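The structure appears right after this line, and notes come after that.
What follows draws every value from the coordinates through simple rules; no lab data is involved. Quick caveat, the model's predicted, so the values are computed rather than measured. Cβ: placed from backbone, ideal geometry, glycine included. Neighbour counts: every protein chain shown.
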Amino acid sequence: MEPFELPETDFEFTETVEPLVIELHRAKPVVRESAVLSTDNLQQVADWITDNGGAVKVGADQLIIQTLEGPFTVRVGDRVVRGASGFRREDPEIYVAEHEKV
């Protein structure tokens, strides 16, 4: 492959670029409400979401919840989490690995 050559120009770079700064952050300890969706509590979870300002549609063994990223399907066995920015679906295994019960 031939080396790439920039075309000649009369443009002069005058802007300086700041170096990239990588920062470390620790998540604040936050207590979150959550529920694992089952066929027995489908309507209760839907009511919990709407009672707390969320939007949800009930389907056959699933809920469709409105999140900041758009609609999300929550199926039986999934965990619904109420966070600072609304409701979302979480994989139960990941949730248990990252959270402890209080």
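Put +1 on the Cβ of every Lys and Arg and -1 on every Asp and Glu Cβ in the chain; which of GLN62, ALA84, VAL21 then has its Cα farthest towards the positive end of the dipole? Working it through, the farthest residue towards the positive pole turns out to be GLN62.
Summing Cβ point charges (Lys, Arg +1; Asp, Glu -1) relative to the Cα centre of the chain gives a dipole of roughly 1160 debye.
Helix 42-51 and the long axis of the chain differ in direction by around 60°, with both axes built from C-alpha atoms.
For the stretch 70-87, putting each phi into the Karplus relation 6.51 cos²θ - 1.76 cosθ + 1.60 with θ = phi - 60° gives couplings of x, x, 10, 8, 10, 9, 3, x, 7, 9, 9, 10, 9, x, 5, 10, x, 9 Hz, in residue order, rounded to whole numbers and with x for Gly and Pro.
Each label point was placed 7 Å from the Cα along the Cα-to-Cβ direction; for GLU8 and ASP51 their separation is 7.7 nm.
When the chain is described by a simple charge dipole with +1 on each Lys and Arg Cβ and -1 on each Asp and Glu Cβ, the residue from GLN44, ILE94, PHE11 located farthest towards its positive end is GLN44. Electrostatic tally near VAL96: other residues with Cβ closer than 14 Å to its Cβ, Lys and Arg +1, Asp and Glu -1, net -3.
From its DSSP helices (H runs of at least four residues, each -39,500 (n - 2.57)), the chain gives a residue-normalised ellipticity at 222 nm of -4500 deg cm²/dmol.
Of the peptides 73-83, 33-43, 90-100, the ranking by mean beta-carbon count within 10 Å, highest at the top, reads 73-83, 33-43, 90-100.
If you take the square roots of the eigenvalues of the alpha-carbon gyration tensor of the chain and sort them as a ≥ b ≥ c, do you get rounded (a/c under 1.5), prolate (a/b over b/c) or oblate? Prolate is the answer for the chain, as a/c is 1.5 or above and a/b outweighs b/c.
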